[in-house]
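Okay, structure first, notes after.
The values are calculated or read from the model by the stated rules, or taken from the named source; none is laboratory data. Predicted model, so just to flag it, every value in this text is computed and none were measured. Cβ placement follows ideal geometry from the backbone for every residue including glycine, while neighbour counts extend to all protein chains displayed.
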Amino acid sequence: MTAIVGLVHNGAVHLGGDSAGVGPGWSSTIRADAKVFRTGPYLLGFTDSFRMGQLLRYALDAPKPPASPAALDRHMATTFIDAVRRTLVDGGWMSRCDGREVGGQFLVGIAGRLFAVAADFQVGEPADLYTAIGCGQDIALGALHATQGQPPGRRIRAALEAAAHHSAGVRGPYVHLHQRPPKETP
């Protein structure tokens, strides 16, 4: 289920998501609770489980990002992920596979940068300045690539509409949030 798309445009992070809630047998419900939201200074968009998304949205004690942009990679891979892991464990959502903790996939926008968090908690940053997750991922990535040079809102909508058209697990309405570019430090 789901298509969550993200991109960076002129230093601002944009995230968009669909509203499908897919159950057993591919039954589908339109959910009022958005898959894309703000938590503290972070912009987040999730796939996998609405319970995981609820924990990230309402229970995560979002750590303050570092003042130095050079320290953001380390912060995301350690301080931020450690807070996410604690939240998922405390919320009873974390699982284990082959002795490793397994969570879910989500995108994070912070300080003008876009990060993708995988189920094993690795943190990646797309060199293309856009990415997508969920069952509509490949379709959305194609649309994001094909719409380069267009305004971010148009790109987000095109990616989500393409995913909804070609994937049974993606449906509107769509949510699009953005985070302003970070302020220049003197």
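Worth pointing out:
- Going through (1) more than 19 Å from HIS14 (Cα to Cα); (2) crowded, with 19+ Cβ neighbours inside 10 Å; (3) touching a helix residue (DSSP H, G or I) at 6+ places or on another chain (Cβ under 9 Å) one by one, ALA143 falls short only on (1).
- Condition check for THR29: assigned to a loop (DSSP other than H, G, I, E, B) and over 17 Å from VAL123 (Cα atoms): no
- Taking residues in region 64-78 that are without any contact (Cβ under 8 Å) to a residue 12 or more places away in the chain, and partners anywhere that are assigned to a helix (DSSP H, G or I) and not charged (D, E, K, R), the pairs with Cβ atoms closer than 7 Å and at least 6 places apart or on different chains are PRO66/LEU72; PRO66/HIS75.
- One residue stands out in region 52-101 among those that are of a type in the set (Ser, Thr, Tyr) and under 14 Å from THR39 (Cβ atoms): the one that is surrounded by the fewest Cβ atoms within 10 Å (Cβ to Cβ), namely TYR58.
- Residue count for region 1-19, restricted to those that are outside any strand (DSSP E or B), surrounded by fewer than 24 Cβ atoms within 10 Å (Cβ to Cβ) and within 14 Å of the chain's Cα centre (by Cα): 2
- Residue satisfying all of: in region 65-76; farther than 16 Å from GLY109 by Cβ and aliphatic (A, V, I, L, M); modelled with the highest pLDDT among these: ALA71
- Criterion (on the phi > 0 side of the Ramachandran plot and modelled with pLDDT under 95) met by exactly one of GLY92, GLY104: GLY92
- The condition of being charged (D, E, K, R) and closer than 30 Å to GLN150 by Cβ holds for only one of ARG38, ARG74, ARG100, that being ARG38.
- Test: residue in region 122-130 that is within 26 Å of SER28 (Cβ to Cβ) and loosely packed, with under 13 Cβ neighbours inside 10 Å: no
- Residue list for region 133-166, filter: assigned to a loop (DSSP other than H, G, I, E, B) and more than 13 Å from ILE4 (Cα to Cα): THR147, GLN148, GLY149, GLN150, PRO151
- Count - residues of region 79-97 that are free of Cβ contacts under 8 Å to residues at least 40 places away in the same chain and touching a strand residue (DSSP E or B) at 6+ places or on another chain (Cβ under 7 Å): 4
- Residue in region 102-113 that is within 20 Å of THR131 (Cβ to Cβ) and of a type in the set (S, T, N, Q) present: yes
- Only a single item in (1) outside any loop (DSSP other than H, G, I, E, B); (2) among the charged types (D, E, K, R); (3) over 22 Å from VAL8 (Cα atoms); (4) under 12 Å from the mean Cα position of the chain (by Cα) is not met by ARG38, and it is number (3).
- The one condition in (1) within 16 Å of the chain's Cα centre (by Cα); (2) assigned to a strand (DSSP E or B) that GLY53 fails to fulfil: (2)
- Subset of region 100-125 (residues that are without any contact (Cβ under 8 Å) to a residue 60 or more places away in the chain, closer than 19 Å to HIS178 by Cβ and assigned to a loop (DSSP other than H, G, I, E, B)): GLU125
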